[in-house]
Amino acid sequence: MARSLRKVVRTCKVAFAVLLVGTATGWSEETSDLDAIAGHLVPEKVAKALVGIPDESRKLLALRSYVRFSGDLDERWSWTEEEIAAFRGTDAQLALQAEIDAIGADFSERNPGHEIYVHSSVRSLDTQIAHWNENDSVGLSAWELHDAWRESEAASIDPADPDALRRFRSWLKGFDPASTAHIAAPGLSRHGRAHAIDFQVMKNGEIIAGTDYEEIETVWKEGGWGKKLKESVTAAGPSFSGPLASPHEPWHYDYAPDPVRVVQQ
């Protein structure tokens, strides 16, 4: 009941933020020139991902991440559906699953009656876009960024004007919203290349420590599940590091296997 009430309150806050920012800036969800602008700032495959984000403010926030990571986009960009399919059943995928299973076994032994739940499928770009379009924290950060942009000297952009594009790019890279989005921009999530795993805790078939930010201080910290998970990851998951520090996610661990260990599996 308490958890449901918190979610209702959070939803109301988000709706109120939409009303305030929309009234102040006069922006709408109609198609903008950001798609055309993005085509001059980021690779084609990245610009195509932005087309799947209809809300201009969320599109702008994603573009900010893309220009900030412009030098690493190829290395970070999520796999295609074909690459995800090709990963299944490989030595690399089996090695990842073996470590997940080892962590789960260690955790159950240390915490009788409890088990680890992992959704180990690679997170597709389409899934990341869907999460980005509906996530509350993304919405709050995006509206703040969009509001500031509309009030800045970089708000007027002609895609054919190199100087205007440079001003916009510089402003976008330098602005830091006070509100932080809790998920990575679509295409940049480490889950999109099997480089990260979210571990959740189950009891009697129900998740008791999940990926809800509202539960970090209570369930994960005060309940001790963050520490208990860390113990099992340290003991049985040599290729995992974490948990993620910024934003703090006690359930999120990065995965970077030793190529030699994968071959030996």
Subject >> Number of positions in region 187-198 that are in a strand (DSSP E or B) and not hydrophobic (A, V, I, L, M, F, W, C) >> reply: 1
**OP:** Consider Val262 carefully, then state whether it is open to solvent by less than 30 Å² (accessible area, probe 1.4 Å), at pLDDT below 95 and farther than 28 Å from Leu140 by Cα.
**Re:** yes
**OP:** Take region 145-169 and flag every residue that is among the acidic types (Asp, Glu), touching a Phe, Trp or Tyr at 6+ places or on another chain (Cβ under 9 Å) and under 17 Å from Glu56 (Cα atoms).
**Re:** Asp147
Subject >> So Ser246, is it modelled with pLDDT under 95 and within 27 Å of Ser179 (Cα to Cα) >> reply: yes
Subject >> So Thr211, is it of a type in the set (Ser, Thr, Tyr) and closer than 28 Å to Gly89 by Cα >> reply: yes
Original post:
Hey, does region 192-201 have a residue that's of a type in the set (A, V, I, L, M, F, W, C) and open to solvent by 60 Å² or more (accessible area, probe 1.4 Å)?
Top reply: no
**OP:** Determine which member of the set Ala164, Ala184 is open to solvent by less than 60 Å² (accessible area, probe 1.4 Å), of a type in the set (A, V, I, L, M, F, W, C) and in a loop (DSSP other than H, G, I, E, B).
**Re:** Ala184
**OP:** Among the numbered conditions (1) out of contact with any His (no Cβ under 9 Å at 6 or more places or on another chain); (2) modelled with pLDDT of 95 or more; (3) not hydrophobic (A, V, I, L, M, F, W, C), tell me where Ser57 comes up short.
**Re:** (1)
**OP:** Please go through region 43-54 and pick out each residue that is in a helix (DSSP H, G or I) and in contact with a helix residue (DSSP H, G or I) (Cβ under 7 Å, 6 or more places away or on another chain).
**Re:** Val46, Ala47, Ala49, Leu50, Val51
Original post:
When region 202-224 is examined, which residues are found to be assigned to a helix (DSSP H, G or I) and either open to solvent by less than 30 Å² (accessible area, probe 1.4 Å) or within 13 Å of Val118 (Cα to Cα) (or both)?
Top reply: Glu215, Ile216, Trp220
Subject >> Members of region 231-249 that are out of contact with any Ser or Thr (no Cβ under 9 Å at 6 or more places or on another chain), in contact (Cβ under 8 Å) with a residue 40 or more places away in the chain, open to solvent by less than 40 Å² (accessible area, probe 1.4 Å) and not hydroxyl-bearing (Ser, Thr, Tyr) >> reply: Ala236, Gly237
**OP:** Considering only region 55-150, give the helices (runs of 4 or more DSSP H) lying wholly within it that have at least 1 residues that are more than 21 Å from Arg167 (Cα to Cα) and open to solvent by 50 Å² or more (accessible area, probe 1.4 Å).
**Re:** 73-76, 81-87, 91-110, 125-134, 136-150
Original post:
Would you pick out the residues in region 71-119 that are touching a helix residue (DSSP H, G or I) at 6+ places or on another chain (Cβ under 6 Å) and among the hydroxyl-bearing types (Ser, Thr, Tyr)?
Top reply: Ser78
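The values are calculated or read from the model by the stated rules, or taken from the named source; none is laboratory data. What you are looking at is a predicted structure, and each value in this text was computed from that prediction instead of being measured. Glycine also receives a Cβ, built like all others from the backbone with ideal geometry; neighbour counts cover every protein chain displayed. These area figures cover heavy atoms from the full protein model, side chains too; ligands, DNA and RNA do not enter into them. Shrake-Rupley method; radii C 1.70, N 1.55, O 1.52, S 1.80 Å.
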